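Undergrad: Take a look at the following structure, please.
The values are calculated or read from the model by the stated rules, or taken from the named source; none is laboratory data. Here the structure is a predicted model, which means the values were calculated and not measured. Cβ placement follows ideal geometry from the backbone for every residue including glycine, while neighbour counts extend to all protein chains displayed. Protein only, heavy atoms only, side chains kept; ligands, DNA and RNA dropped before computing areas. Shrake-Rupley method; radii C 1.70, N 1.55, O 1.52, S 1.80 Å.
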Amino acid sequence: YAGMQPITVYFPIGKAVLDEPELKHLDFYAGNIIEKVDMDPGIEITVMGSADSNTGTARRNGYLSEARGQYIMKILSEKYGIDTNKMVVKTKVVKATGNPVMDRAAVITFK
C-alpha cells in the first residue's frame, strides 16, 4: 500500500500478548492505521504472526504464530474499531538465521 510502511510489534518469548512498551508502540501507530482505513474503504490489512524456530516445538511455534496474529487483529478491532473483514491473519515460523527476538513478532502490512 503506497506510503504505508509495515508496522512490527515484538512479543516476549513464549507469549502471545504484548508487554506494555509494545502496546504503546502499537497505540502510537493506530491513528495512522485508522486514517488509512477511513481514506480507503478497500484497504486490506494483513497481520503476519511469527515465531522463531530456536525455541519451542514446531507445534508450539505454529500455535504462537497464529495466536499472535489473532491477538493483534482483536486489538485492532476491539480497541480501534477496525472492521475484521478488512483484516487477514497469516502465520510463519522463522528459521533461526539472525536474532530470534526479532522473529517473535507480528507485522502489519497494507494493500
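Undergrad: Can you confirm whether the range 47-57 contains a residue that is of a type outside the set (Gly, Ala, Ser), in contact with a Leu (Cβ under 7 Å, 6 or more places away or on another chain) and closer than 13 Å to residue 108 by Cβ?
TA: Checked the range 47-57: no residue is of a type outside the set (Gly, Ala, Ser), in contact with a Leu (Cβ under 7 Å, 6 or more places away or on another chain) and closer than 13 Å to residue 108 by Cβ.
Undergrad: Tally up the residues in the range 43-79 that are loosely packed, with under 15 Cβ neighbours inside 10 Å and within 22 Å of residue 5 (Cβ to Cβ), please.
TA: Final tally of qualifying residues: 2.
Undergrad: How many residues, within the range 1-42, are in a loop (DSSP other than H, G, I, E, B), at negative phi and open to solvent by less than 80 Å² (accessible area, probe 1.4 Å)?
TA: 10
Undergrad: Go through the range 69-111 and give me each residue that's in a helix (DSSP H, G or I), over 20 Å from residue 39 (Cβ atoms) and among the hydrophobic types (A, V, I, L, M, F, W, C).
TA: Hits for the range 69-111 are 72, 73, 75, 101, 102.
Undergrad: Can you confirm whether residue 58 is of a type in the set (Gly, Ala, Ser), out of contact with any strand residue (DSSP E or B) (no Cβ under 6 Å at 6 or more places or on another chain) and closer than 14 Å to residue 72 by Cα?
TA: no
Undergrad: Also, quick follow-up: Being small (Gly, Ala, Ser) and out of contact with any strand residue (DSSP E or B) (no Cβ under 9 Å at 6 or more places or on another chain) is the filter here; which residues of the range 84-111 pass it?
TA: 98
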